[in-house]
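Chemist: Sharing a structure here in structure tokens format.
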Amino acid sequence: MAMFGYMTEIDTVEVKQSKSIEAEGYDLLSLLFHFLDEFLFLFSADPFFIPRKVQIVEFDKTNFKIQAIGFGETFDLSKHPQGTEVKAITYSNMQIHTDRTTNDIHVIIDI
């Protein structure tokens, strides 16, 4: 996930463990917000988990629910270079583009 690229060099993160998250929203934007916020919480709380890869297990666009698994490890300053701290996800100018050949999102994070 691009958000974690701000926090450290993703290439230094190994897949040693996994963490599951679930998120819900009232529309796609709120679902995206809560999805990213769940992963940010995993990084901000002990044991400071940082994923290298994220797998979407279930994505319900009708009821705005998502389940995902992050694969990575505990953040360790002796191994992972410290990047920019992400304080929060924001709704500011959040965009989801589904009308293209690729599905693109635009999210501004609070650093």
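Chemist: Whole number please: convex hull volume per residue of the Cα set in the chain, in Å³?
Modeler: Spelled out: Cα convex hull of the chain, divided by residues, is 105 Å³.
Chemist: Moving to a separate point now. Can you list the residues of region 59-79 with backbone N under 15 Å from a point 7 Å past the Cα of D99, pointing along Cα to Cβ?
Modeler: No residue passes the distance filter.
Chemist: Would you check the chain for Lys pairs whose C-alpha atoms are within less than 19 Å, ignoring same-chain pairs closer than 8 in sequence, and give me the count?
Modeler: Lysine pairs meeting the criterion: 5.
Chemist: Which one, L42, L77, L31, has the greatest fluctuation when you compute a Gaussian network model over the chain with C-alpha springs under 10 angstrom?
Modeler: Greatest mean-square fluctuation among the candidates belongs to L77.
Chemist: Using a 1.4 Å probe on the protein heavy atoms, what percent of the accessible area of the chain belongs to carbon and sulfur?
Modeler: 49 percent
Chemist: What distance in nm lies between label points placed 7 Å from Cα along the C-beta direction at D76 and E58?
Modeler: 3.4 nm
Chemist: Per DSSP H run of at least 4 residues, take -39500 (n - 2.57); add these up for the chain, divide by its residues and hand me the 222 nm value, nearest 500 deg cm²/dmol.
Modeler: Rounded to the nearest 500, the figure is -6500 deg cm²/dmol.
Chemist: If you place +1 on the Cβ of every Lys and Arg and -1 on the Cβ of every Asp and Glu, how big does the dipole about the Cα centre of the chain come out, in debye to the nearest 20?
Modeler: Here the size comes out at about 160 debye.
Chemist: Hey, quick one: spin label on F41, modelled 7 Å out along Cα-Cβ, who in region 6-20 has an amide N within reach, i.e. under 14 Å?
Modeler: Under cut-off, by backbone N: 20.
The values are calculated or read from the model by the stated rules, or taken from the named source; none is laboratory data. Given the structure is predicted, the values throughout are model-derived calculations rather than measurements. Backbone-built Cβ (ideal geometry, glycine too); neighbour counts: all protein chains shown. Ligands, DNA and RNA are excluded from the accessible area calculation, which covers all protein heavy atoms including side chains. Shrake-Rupley method; radii C 1.70, N 1.55, O 1.52, S 1.80 Å.
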